[in-house]
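No lab work stands behind these numbers, since they all come straight from the coordinates. Every value quoted in this text rests on a predicted model; they were computed, and no experiment measured them. Note that each Cβ is placed from the backbone with ideal geometry, even for glycine, and that neighbours are counted across all protein chains shown.
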Amino acid sequence: MSSVVLDKVTKVYPGGHLAVDRMSLKAEDGEFLVLLGPSGCGKSTLLRMIAGLEEVTAGDLWLDGKLANHLPPRERDVAMVFQNGALYPHRTVRGNIAFPLEIAKEDPAMVRERVTELSKALHIDETLERRPGTLSGGQRQRVAMGRAIVRQPKLFLMDEPLSNLDAGMRTELRMEISSLVRSLGVTTVYVTHDQVEALTLADRIAIMNRGVLQDVGTPAQIYNDPATAFVAAFLNSQQLNLLSATVRTPQNEYVMLDFGPHRLTLPWSDPRAYAISQHTGNQVLVGMRPDGLAPVPESYDGPSFFGRVRALEYHGHEWLAYVECGAPGAEVPEPPDPRLAAALDPAEAGGLGGMVRKLFGKAVAPPQREAHEQHGGGHRRTDLIVRLGVRPAWRVGDPAKVAVDLTRLMVFSQEGARIDANRRPV
């Protein structure tokens, strides 16, 4: 087994494009670490630096306690599985899986035995004499996994290996990857943009955006206690309800979140109350997952919102309701762009801007603002998304009252940082 330690690792491409910014992270021996984030966030670049396919611009990369910045790929004892499998088309399945052992000049009898055993575990033993061109996408990925696993490396690196497969095949292979890797006890770093893969596979998840580490922890920690509004919105199967509220403390009796037509109150006994009260008079962002809301009768007198059902969506296993409530909606704040910071602060010679200029003779050009449609970017109607189960309690146009589970509220600053006195360190 092997550990991976990244100590303020930075990657700047020719021309000054900053892909990874001072990343510090550790994958323990035998751990399944998932790098999660949107396309272009730097997660694949980070994986390629670990593999030795990309040079580290600054910082230190340690593999199994050994500084590996300038170690060639062949000396790192890692195996990598890519998105497209990358098999040798002229070799059979048996030949593809056996190839790393043949290059290492291992005993042919041992090679045959190991390939046969591994092909059975991957459910491709009936395809051993076929060539990759005759296989399905799922079978080709199994062969690619077999070729990576067969030589029993110290470290597995997987770069979105399931993204080209259909939903059913992804689920099947996801379970097989989890079972095989854990049975081998090999440290694994797995890249994906799919939150379901991350939650089901990972021992820990590291969420990235714009080359910066946003949060790291177990799946339960990341989901239930996200560090930022970006993390909360990204690790969510449905869109996060994110509203703007003003913090008030009427006569110091309690803490109020004022949404205009709606108000929620927290008693001082709530462990979050003091931290939130520090923002009295200011606006904050309040996040609520759809499963933290529930339809209730008009007589309900607990914490709630009211409105009218604008739309219903059928998802097979459940219905979702979109309730117009008149509260001010909010966009998910994007993390500060370190490339822009470097361009705006050229005087910081010892910082990132200075490093880029030293390498390329100029500051990083400010990037154009991208459209962020998938995970909360862009303006949207002020609807509350509510999960209704298999039988909808409402019809379109009905008045609706929605109970709020206060224990599941997430409160963030306007910049998107979590407001919580008991936050775990990232």
Q. For the range 4-227, what is the relative contact order in percent, using Cα pairs closer than 8 Å and at least 6 residues apart in sequence?
A. 30
Q) At 222 nm, what helix-only mean residue ellipticity would the chain give, in deg cm²/dmol to the nearest 500, using -39500 (n - 2.57) for each DSSP H run of four or more? A) -7000 deg cm²/dmol
Q: Tell me the label-point distance for the pair residue 299, residue 274, using the 7 Å Cα-to-Cβ offset, in nm and rounded to one decimal.
A: 4.0
Q | the chain: relative contact order as a whole-number percent, Cα under 8 Å and 6+ apart | A | 17
Q | Assigned charges on the beta-carbon of Lys, Arg, Asp, Glu; the range 4-227 dipole about Cα centre (debye) | A | 500
Q) Share of antiparallel DSSP beta bridges in the range 91-229, in percent to the nearest 5? A) 50
Q: Please express the Cα-Cα pair-distance distribution P(r) of the range 120-181 as a list of whole percents, one per 10 Å bin, running from 0 to the bin with the greatest distance.
A: 19, 58, 23, 0
Q. Within a Cβ distance under 9 Å of residue 194, other residues only, what is the Lys/Arg minus Asp/Glu net charge?
A. -1
**Q.** Cleavage-rule hits (GluC sites (Glu not before Pro)) in the range 291-335: DSSP loop, at most 13 neighbouring Cβ within 10 angstrom
**A.** 298
Q) In this model, which of 66/120; 26/120; 11/66; 43/105; 8/105; 11/105 are farther than 28 Å apart at the alpha-carbon? A) 66/120; 26/120; 43/105; 8/105; 11/105
Q.
Looking at the chain, identify the longest residue range that excludes and avoids all trypsin sites (Lys or Arg not before Pro) in DSSP loops having at most 13 other Cβ atoms within 10 Å.
A. 106-361
Q) Where Lys and Arg each count +1 and Asp and Glu each count -1, what net charge lies around residue 297 among other residues with Cβ under 13 Å from its Cβ? A) -2
Q | Positive-pole candidate from 83, 242, 329, dipole of the chain, charges at beta carbon | A | 83
Q: Identify, among 255, 72, 300, the residue whose Cα sits farthest towards the positive end of the charge dipole of the chain, taking +1 on the Cβ of Lys and Arg and -1 on the Cβ of Asp and Glu, with the dipole about the Cα centre.
A: 72
Q) Could you give the dipole magnitude of the chain about its Cα centre, charging the beta-carbon of Lys and Arg +1 and that of Asp and Glu -1, in debye to the nearest 20? A) 660
Q) If the cut-off is 15 Å between C-alpha atoms, which aspartates and glutamates fall inside it for residue 154, apart from same-chain ones fewer than 8 positions away? A) 28, 29, 31, 64, 75, 77
Q: Can you pull the one-decimal nm distance between simple spin-label points at residue 67 and residue 123, each 7 Å off the Cα toward Cβ?
A: 4.7
Q) When the convex hull of the Cα atoms of the range 4-227 is projected onto a plane and the area is averaged over all directions, what value comes out in nm²? A) 12.5
Q. Taking +1 at the Cβ of each Lys and Arg and -1 at the Cβ of each Asp and Glu, which of 23, 186, 39 sits farthest along the dipole of the range 4-227 towards its positive end, judged by Cα position relative to the Cα centre?
A. 39
Q. If R0 is 22 Å, what FRET efficiency do you get for residue 112 and residue 183 from their C-beta distance, rounded to 0.05?
A. 0.55
Q: Mind computing the radius of gyration and Dmax over the alpha-carbon atoms of the range 84-198? Å is fine for both.
A: 13.6, 42
Q.
Here are a few candidate values for mean projected area of the Cα convex hull in nm²: [x] 22.9; [y] 24.6; [z] 21.8. Which one was actually calculated from the structure I just gave you?
A. [y]
